[in-house]
Amino acid sequence: MAHRIAFLGFVALAVCASLSLAADPANLQDFCVADASGNTRMNGLACKNPAMVQASDFAFSGLHIPGNTSNAVGSRVTPVAVTQIPGLNTLGISMVRIDYAPWGINSLHTHPRATEILTVIEGSLEVGFVTSNPENRHITKILKKGDVFVFPVGLIHYQRNIGYGNAVAIAALSSQNPGVITIANTVFGSKPDISTDLLAKAFQVDKSLVWQLQAKF
């Protein structure tokens, strides 16, 4: 019995240890305002001396200003992450404003380090994401002003303005630095190029089409 209790205790300790390693470490101070001039390499940014911290380290102005959507996809993302607000460092959160021209899209992309929760401020959006292999289920919905939608971490997702006027959304992300991988840019715009033969076989298309796409990106 004593051996069994000892074994169960060891298992419980191992499980607790694995859970603690799977989560971001908790702050051991009130804040860790990013020191852009710091040379220390770490998972995040070095902390500014707390005595030098000011209110401006926790503030950002300009999210009310529409982004310029005069581009090929008809959208513009305005980020509010640790680069814009140094006080976000180590807090595990950020946000963006997304502006959409009529029928503009926020192209297929993923955030490798964050779940995203989006709310429509103006207009109507078609949104969706695709689940992982092998199902590859496409989950999509039409959102109107005030509606909210969640994109799980790491999954390919998109938004499209389905109205004839401009649309605006605000999204929060569960990382100070969520990262973004735009699928078309990554696949066809890599430097150096991914092999044309490889892409043609992967997408089951002619190599001439791959060349055209690589030329665009």
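The values are calculated or read from the model by the stated rules, or taken from the named source; none is laboratory data. This structure is a prediction, so every number in the text was calculated from the model and none was measured. As a convention, Cβ positions derive from the backbone with ideal geometry for all residues, glycine included, and neighbour counts pool all protein chains shown. Heads up: the accessible areas ignore ligands, DNA and RNA and are worked out on the full protein's heavy atoms, side chains in. Shrake-Rupley method; radii C 1.70, N 1.55, O 1.52, S 1.80 Å.
Once the C-beta distance of VAL150 and GLN204 is scaled by a Förster radius of 30 Å, the resulting FRET efficiency is 0.40 to the nearest 0.05.
Extension gain, ASP197-THR131: 0.36 nm per intervening residue step, less the Cα-Cα distance, totals 21.0 nm.
Can you tell me the FRET efficiency between ILE121 and SER190 if r is taken as the Cβ-Cβ distance and R0 is 35 Å, rounded to the nearest 0.05? Rounded to the nearest 0.05, the efficiency is 0.55. Which of the lysines could a cross-linker bridge to LYS201, judged by Cα under 24 Å and excluding same-chain residues fewer than eight apart? Partners within reach: LYS191, LYS216. What separates the Cα centres of the range 157-211 and the range 68-115 is a distance of 14 Å. Once the trypsin sites (Lys or Arg not before Pro) in DSSP loops with at most 14 neighbouring Cβ atoms within 10 Å are cut out of the chain, the longest remaining piece is 42-136. Helices in the chain that qualify as membrane-span-like (whole DSSP H runs, Cα extent of at least 20 Å along the helix axis, mean Kyte-Doolittle hydropathy of -0.5 or higher) are 2-22. Projected onto planes of every orientation and averaged, the convex hull of the alpha-carbon atoms in the chain covers 19.0 nm². Around the amide H of GLU116, modelled in the peptide plane, lie the amide H atoms of PHE151, VAL153, all under 5 Å away and 5 or more residues distant in sequence or on another chain.
Rolling a 1.4 angstrom probe over the chain with all protein chains present gives an accessible area of which 62% lies on carbon and sulfur atoms.
The residues of the range 43-161 expose, per residue, 54 Å² of accessible area to a 1.4 Å probe. For GLY104, the residues whose amide H sits under 5 Å from its own are ASN161, ignoring neighbours fewer than 5 places away on the same chain, with H placed 1.01 Å from N. On the basis of the beta-carbon distance and an R0 of 45 Å, LYS141 and SER37 show a calculated FRET efficiency of 0.50.
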